[in-house]
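Visitor: My structure is below; once you've seen it, I'll send some questions.
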Amino acid sequence: MIDWSIITDSLPQYASGLWLTAQLTVLSLVAGLILAIPLAVMRISPRRAVSGPVWVFTYFFRGTPMLVQLLLIYYGLGQFEWIQAQWQAGNAFWLIFREPYGCALVTFTLNTCAYTTEILAGALRTTPHGEIEAAQACGMSRLTMLRRILIPGALRRALPAYSNEAIFMLHGTAIASTVTLMDLTGAARNAYSQHFAPFEAFIFAGLLYLTLTFALVGLFRLAERRYLAHLLPRKAIKGHTA
């Protein structure tokens with residue numbers, strides 16, 4: 001039987017963890033999407049010198065566990081002399097990596113950026129050729145075509161796949177507690193260590209993650225109804241007698 005007093009006693013910790021989890025998820029998704037748009041354009045370039053470095057970046061961050069990436073950034077960056085020089089000089093660059101929050105945010109941003117880059121690159125490759133021909137017939141330059149036709153269309157087509165990435169990113173933030181951040185998973189661990197009740201501690205955290213997931217799914221469904229309405233199946237028209 002669930003002991004609700006354990007949950008109520010730990011509510012302040014869960015509220016703080018929920019806020020931190022939401023922050024990390026939203027900020028990393030926004031920053032990752034902003035970075036992914038130009039990288040996706042580079043990724044589809046026929047020039048290897050342009051697309052090659054982006055491929056290496058996405059291959060590394062999609063091919064290694066995010067926990068390993070977080071630990072490398074949190075523990076490993078201090079081993080480089082140029083990072084130490086930034087710290088000794090007191091530059092603002094070091095402030096990002098001095099705290100676990102900055103390390104986690106950078107890790108999550110780069111990770112979701114890699115996945116989003118490939119999602120958008122795939123959407124760009126599936127742009128209907130007729131749209132490109134119409135833009136060229138109107139005399140649009142390559143930059144204008146990207147800004148008005150290719151990127152907006154790719155963002156719309158990428159919504160279903162990107163919604164999955166957003167959910168994966170939300171769940172991936174659970175590793176933030178490994179670098180001393182008090183997110184939802186960290187709050188559940190604290191509640192467990194204080195009350196020795198793993199079921200209550202982690203089931204409530206799971207319910208909060210589930211609530212956030214449903215919220216994300218709802219937001220993306222609204223976006224799909226707005227921007228992909230032309231792809232939704234038409235409602236059956238009821239027959240009528242003459």
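Visitor: Hey, Ala154 hits all of (1) under 22 Å from Ala40 (Cα atoms); (2) open to solvent by less than 30 Å² (accessible area, probe 1.4 Å); (3) outside any helix (DSSP H, G or I) but one; which does it fall short on?
Guide: Of (1) under 22 Å from Ala40 (Cα atoms); (2) open to solvent by less than 30 Å² (accessible area, probe 1.4 Å); (3) outside any helix (DSSP H, G or I), only one is false for Ala154: (3).
Visitor: So if I check each of Ala15, Ala49, which one is at negative phi, over 11 Å from the mean Cα position of the chain (by Cα) and open to solvent by 70 Å² or more (accessible area, probe 1.4 Å)?
Guide: Ala49 is the lone residue from the list that is at negative phi, over 11 Å from the mean Cα position of the chain (by Cα) and open to solvent by 70 Å² or more (accessible area, probe 1.4 Å).
Visitor: Does Ala92 count as open to solvent by less than 40 Å² (accessible area, probe 1.4 Å) and modelled with pLDDT under 95?
Guide: no
Visitor: Could you look through the stretch 112-143, keep only residues that are assigned to a loop (DSSP other than H, G, I, E, B) and hydroxyl-bearing (Ser, Thr, Tyr), and pick out the one that is least open to solvent (accessible area, probe 1.4 Å)?
Guide: Selected residue: Thr127.
Visitor: Would the stretch 186-196 turn up any residue that is among the small types (Gly, Ala, Ser), open to solvent by 30 Å² or more (accessible area, probe 1.4 Å) and over 28 Å from Leu71 (Cα atoms)? Give the steps one after another, and end with the answer.
Guide: The first filter runs over the stretch 186-196 and keeps only residues among the small types (Gly, Ala, Ser), leaving 186-188, 191, 193.
Still in the running and open to solvent by 30 Å² or more (accessible area, probe 1.4 Å): 193.
The next check asks that each one be over 28 Å from Leu71 (Cα atoms); those that pass are none.
So far as the stretch 186-196 goes, no, none of its residues is among the small types (Gly, Ala, Ser), open to solvent by 30 Å² or more (accessible area, probe 1.4 Å) and over 28 Å from Leu71 (Cα atoms).
Visitor: Does any residue of the stretch 169-185 turn out to be under 27 Å from Leu228 (Cα atoms), assigned to a helix (DSSP H, G or I) and open to solvent by 20 Å² or more (accessible area, probe 1.4 Å)? Walk me through how you get there before you give the answer.
Guide: Filtering the stretch 169-185 down to residues under 27 Å from Leu228 (Cα atoms) leaves 169-171.
Filter again for assigned to a helix (DSSP H, G or I), leaving 169-171.
Still in the list and also open to solvent by 20 Å² or more (accessible area, probe 1.4 Å): 171.
Scanning the stretch 169-185, I find at least one residue that is under 27 Å from Leu228 (Cα atoms), assigned to a helix (DSSP H, G or I) and open to solvent by 20 Å² or more (accessible area, probe 1.4 Å), so the answer is yes.
The values are calculated or read from the model by the stated rules, or taken from the named source; none is laboratory data. On a predicted model such as this, the values are computed, not experimentally measured, just so you know. With ligands, DNA and RNA removed, areas are computed over all heavy atoms of the protein, side chains included. Shrake-Rupley method; radii C 1.70, N 1.55, O 1.52, S 1.80 Å.
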